[in-house]
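Heads up, the thing below is written out as structure tokens.
The values are calculated or read from the model by the stated rules, or taken from the named source; none is laboratory data. Owing to the predicted nature of the structure, the values given are computational and were not obtained by experimental measurement. We place every Cβ from the backbone using ideal geometry, glycine too, and count neighbours over all the protein chains shown.
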Amino acid sequence: MSSRISQKFNELKKKNKKALITYVTAGDPDINTTEQLVYAMENAGADIIELGIAYSDPLADGPVIQRAASRALNKGVNIDIVFELVRKLRTNTQVPLAFLLYYNSIYRYGIDKFINKCMEAGVDGLIIPDLPLEERTDFKKILDGKNIDLIPLVAPTSEMRIKDLVKDATGFIYCVSSLGVTGARNSFDSNIKEFMDNIKLHTDVPLAIGFGISDVQGVKQLKDLAQGLIVGSAIIKKIEEGIVENKVVNLVSEFVKELRDALN
Amino acid sequence: MDNKKSKRFGNYGGQYVPETLMNALIELEEMYEEAMNDEEFIKEYMYYLQEYSGRPTSLYYAENLTKKYGGGKIYLKREDLNHTGAHKINNVVGQVLLANRMGKKRIIAETGAGQHGVATATICAMFNLECEIYMGEEDIQRQGLNVFKMELLGAKVNSVTSGTKTLKDATNEAIRDWVTNVEDTYYVIGSVVGPHPYPTMVRDFQRIIGDETKIQILEKEGRMPDYLLACVGGGSNAMGLFYPFIEEDNIKIIGVEAAGEGVNTHKHAATITLGTVGVLHGMMTYLLQDDYGQILPAHSVSAGLDYPGIGPEHAYLHDSGRVEYVAITDSEAVEAFQTLSRCEGIIPALESAHALAYLAKLAPTTHKEDIIILNLSGRGDKDVHTISEILGGKKHE
């Protein structure tokens, strides 16, 4: 049995296409808009969608995603509301959905309860930036056989750890483009090709690059290095522009189309 | 993976950090262990503590306070007499020497009340290292004097405006800086918190407090104390005093948390008294959090105790029952602050005043032959402004 995420990468491979993975924080600017954003991004060419669960202390995130989390929290969004959203989405779309969330959100909710709800609602993958290899053993055991991908992050500093990080990975590998938190960068690490080549030595699971890809230029620069690219903060910035002009969904949709065209 | 146990105190501690930092933590752990086994390193650490910070600090018999409460003999471990006015420098000397050994030229730190920031800026000035301090905007307003001191010492103070704008958020921001600049930057954590190896390392650099106390009390009294008292925010001064005595089962050890406006209100920092288990700043420990794991704002009149978590070793010592944790309100601490000032001519830090306030409750219930040792973790110069506002406000009521 393979997850919706793996199936998507297989489909794309057959068509000789790359995956566009887009991120929004669930509940930013409100939960209904998030629902509309998922449909709109899928229609505009996003292949996999990451839904961020807002957290009070997102230490892997830069200011843009921090602001998104604050807006969602101010609206009273919590995991239960996001599970409801996923259930609703699943009646209309089969687009692969991954949660991006901090470990405390899972731990406090109850690990078993959380995983059961993910299965029940139709969540396909989990990205947990503060649950490194050393801390995921027990969590991985509980996930075993549940058909939910635990997406590992690999960083430019991982070096000798890469082999262990990608071992047993399913879905895709989240390759962190450069040091630092989420958000735009002026340039990517000059060693990024070497970094990606090094990861490829250890796994056949698809690789996706994230952190700092903020525009068409970034997409063009990196698209040949991986099977997928992840765009987050830049989409949140479009949401912020859209809030002001009251056209969130339109602006995000146009932006995702641009990214899609650049990736093809 | 291997050694998972040594990275934890029972269920607590661990390394809940982004992958980008993992190799840095592994390297830090190795370098730290190597340094602690190197006599030259220990010699250098002791040299700066003695010659630069003025250790050993005295264990002062507070005769007036003893008479006032009419119970056991009260001794104050005078960490306030350290250079920069608090115990924080013990840890900073150790960590910056380690940074030098690792060849890191840039130092960052978080600070709440500013004591750790001042200690870090001080040691960086001495070793000619670039220093950036993260401090919550609210704390910057409460602790203007310490901000000025840090700048005077050549450090850059970054105002943190995210979240609650206090120590918790300053720590987030310092971690974000570290993730970005991990290759040339050393992060000096100021308390027994954060991912492994920090809680262990900071405790080991603070245990000098307890090690000295043990020698001093044996000299003065010829026996071990009956009670140990210390305030607990993250909990480094408390771990420093307690650790060398943990195996002495007859000693009653008490950590004093900040109850803010009261444990029945929403404005407190009583993490062990009222918290639940979760993950923050790379560690599993007791936290102030809601049902969804969102961290709740802590409150204390003292910026140094204004933290919604606690060191993982304290969480463990609480669960095992070895250490008792109690909570003291803002107003009790303010009263104790005045009592020590008038009674002994020592103006304590507001953090230490929490331990003093519990002493006022405990001491009268003890026997005359009992010995109580309280860690006076810092001096109160930085808090005089806060106290004058509180007392001034009362006069006009």
_Test result for residue A:19, in contact with a strand residue (DSSP E or B) (Cβ under 8 Å, 6 or more places away or on another chain) and small (Gly, Ala, Ser)_ = yes
*Considering only segment A:100-119, state which residues are more than 16 Å from residue A:150 (Cβ to Cβ) and either hydroxyl-bearing (Ser, Thr, Tyr) or without any contact (Cβ under 8 Å) to a residue 24 or more places away in the chain (or both).*
A:108, A:109, A:110, A:113
*Hand me the list of strands (runs of 3 or more DSSP E) wholly inside segment B:79-183 holding 1 or more residues that are farther than 21 Å from residue B:197 by Cα and touching a helix residue (DSSP H, G or I) at 6+ places or on another chain (Cβ under 8 Å).*
B:130-136, B:156-160
*Considering each of B:233, B:240 in turn, give the residue that is in a loop (DSSP other than H, G, I, E, B), touching a helix residue (DSSP H, G or I) at 6+ places or on another chain (Cβ under 6 Å) and buried (at least 24 other Cβ atoms within 10 Å of the Cβ).*
B:233
*asked:* For segment A:167-183, give me each residue that is within 21 Å of residue B:179 (Cα to Cα) and without any contact (Cβ under 8 Å) to a residue 60 or more places away in the chain.
replied: A:173, A:174, A:175, A:176, A:177, A:178, A:179
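Table: residues versus (1) surrounded by fewer than 18 Cβ atoms within 10 Å (Cβ to Cβ); (2) touching a Pro at 6+ places or on another chain (Cβ under 6 Å).
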| position | (1), (2) |
| --- | --- |
| A:4 | no, yes |
| A:7 | yes, no |
| A:11 | yes, no |
| A:18 | no, no |
| A:22 | no, no |
| A:28 | no, no |
| A:39 | yes, no |
| A:44 | no, no |
*For residue A:27, which of the numbered conditions (1) more than 21 Å from residue A:242 (Cα to Cα); (2) within 14 Å of chain B (Cβ to nearest Cβ); (3) not in a helix (DSSP H, G or I) fails to hold?*
(1)
_Just to verify a result, which residue in segment B:147-188, among those that are out of contact with any Asp or Glu (no Cβ under 7 Å at 6 or more places or on another chain), among the hydrophobic types (A, V, I, L, M, F, W, C) and in contact (Cβ under 8 Å) with a residue 40 or more places away in the chain, is farthest from residue A:187 (Cα to Cα)?_
B:188
_Set B:190, B:194, B:234: member being within 24 Å of residue B:98 (Cβ to Cβ), small (Gly, Ala, Ser), within 14 Å of another protein chain (Cβ to nearest Cβ) and in contact with a strand residue (DSSP E or B) (Cβ under 8 Å, 6 or more places away or on another chain)_ = B:194
*Can you name the residue in segment B:286-343 that is aromatic (Phe, Trp, Tyr) and more than 16 Å from residue B:391 (Cα to Cα) and is also surrounded by the most Cβ atoms within 10 Å (Cβ to Cβ) among such residues?*
B:307
_Index of the failed condition, residue A:155 passing every other in (1) of a type in the set (Gly, Ala, Ser); (2) within 26 Å of residue B:23 (Cα to Cα); (3) at pLDDT below 95_ = (3)
*Does at least one position in segment B:365-372 carry a residue that is at pLDDT 95 or above and either buried (at least 22 other Cβ atoms within 10 Å of the Cβ) or touching a Ser or Thr at 6+ places or on another chain (Cβ under 6 Å) (or both)?*
yes
*For segment B:195-227, which residues satisfy the criterion of being farther than 29 Å from residue B:166 by Cα and among the hydrophobic types (A, V, I, L, M, F, W, C)?*
B:215, B:217, B:218, B:224
_Criterion (in a helix (DSSP H, G or I) and either among the small types (Gly, Ala, Ser) or surrounded by 16 or more Cβ atoms within 10 Å (Cβ to Cβ) (or both)) met by exactly one of A:236, A:230_ = A:236
*asked:* Out of B:142, B:176, I need the residue that is within 19 Å of residue B:86 (Cα to Cα), surrounded by 20 or more Cβ atoms within 10 Å (Cβ to Cβ) and not hydrophobic (A, V, I, L, M, F, W, C). Which one?
replied: B:142
*What is the one condition in (1) surrounded by 17 or more Cβ atoms within 10 Å (Cβ to Cβ); (2) of a type in the set (S, T, N, Q); (3) out of contact with any strand residue (DSSP E or B) (no Cβ under 8 Å at 6 or more places or on another chain) that residue B:375 does not satisfy?*
(3)
*Name every residue in segment B:13-70 that is of a type in the set (S, T, N, Q), within 21 Å of the chain's Cα centre (by Cα) and within 11 Å of chain A (Cβ to nearest Cβ), in order of residue number.*
B:15
*Does residue A:64 meet the test of being away from chain B (no Cβ under 14 Å) and either β-branched (Val, Ile, Thr) or closer than 30 Å to residue B:165 by Cβ (or both)?*
no
*Would you please name the residue that is farthest from residue B:18 (Cα to Cα), looking only at residues in segment A:38-72 that are of a type outside the set (A, V, I, L, M) and within 12 Å of the chain's Cα centre (by Cα)?*
A:47
*Would you confirm whether any residue within segment A:85-99 is touching a residue at least 40 places away in the same chain (Cβ under 8 Å), within 14 Å of chain B (Cβ to nearest Cβ) and of a type in the set (S, T, N, Q)?*
no
_Need the failing condition index for residue B:199 against (1) surrounded by fewer than 24 Cβ atoms within 10 Å (Cβ to Cβ); (2) touching a helix residue (DSSP H, G or I) at 6+ places or on another chain (Cβ under 7 Å); (3) more than 25 Å from residue B:71 (Cα to Cα), just the number._
(1)
_From the list B:112, B:136, exactly one residue is without any contact (Cβ under 8 Å) to a residue 40 or more places away in the chain and small (Gly, Ala, Ser). Which is it?_
B:136
_Single residue of B:116, B:83 found to be surrounded by fewer than 22 Cβ atoms within 10 Å (Cβ to Cβ), more than 14 Å from chain A (Cβ to nearest Cβ) and under 17 Å from the mean Cα position of the chain (by Cα)_ = B:83
*asked:* Quick check on my filter: what residues within segment B:243-271 are in a strand (DSSP E or B) and at positive phi?
replied: B:260
*Just a yes or no: is a residue in segment A:33-47 within 13 Å of chain B (Cβ to nearest Cβ), in a helix (DSSP H, G or I) and among the hydrophobic types (A, V, I, L, M, F, W, C)?*
no
_Being of a type in the set (A, V, I, L, M), under 20 Å from the mean Cα position of the chain (by Cα) and closer than 27 Å to residue B:48 by Cα is the filter here; which residues of segment B:123-156 pass it?_
B:123, B:133, B:135, B:145, B:147, B:150
*Between a first residue in segment B:289-308 that is on the phi > 0 side of the Ramachandran plot and a second residue that is crowded, with 19+ Cβ neighbours inside 10 Å, which pairs have beta carbons less than 6 Å apart while being 6 or more apart in sequence or on different chains?*
B:293/A:104; B:293/A:105; B:293/A:108; B:293/B:278
